[in-house]
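None of the figures in this text is laboratory data; all of them are computed from the coordinates on show. The structure presented is a predicted model; accordingly, all values stated were derived computationally and were not measured. Please note: Cβ atoms are built from the backbone with ideal geometry, for glycine as well, and neighbour counts cover all protein chains shown.
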């Protein structure tokens, strides 16, 4: 798949395997080309999490939707986006990747 750059996905809906999981947040520009930041809630319940691009099953540009091969709970329970940690920190990146790999082990 020819992946769009992260900034091209800002504002896209994130569709998990079992329904809507949020939207791609503008902070995605801060985490580099291999991850996205997803806002999982509305204005009052906003939580931003990091999503590795390797869990994206496909991008539907016509409907501005990113389809993810994980369920909503896995996305919503992901490590919170931390501007101070950055995805470039190996320990933080490992926590993120491990979180999304756990579902595959079950």
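Computed quantities for the displayed model
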quantity	calculated
Simple spin-label estimate for residue 30 and residue 46 in nanometres, 7 Å along Cα-Cβ	1.1
Label-point separation, residue 71 to residue 101 (7 Å along Cα→Cβ), nm	2.2
Label-point separation in nm, residue 61 to residue 92, each point 7 Å along Cα→Cβ	3.1
Where N is the number of residues in segment 6-105, Cα Rg divided by 2.2 N^0.38 Å	0.97
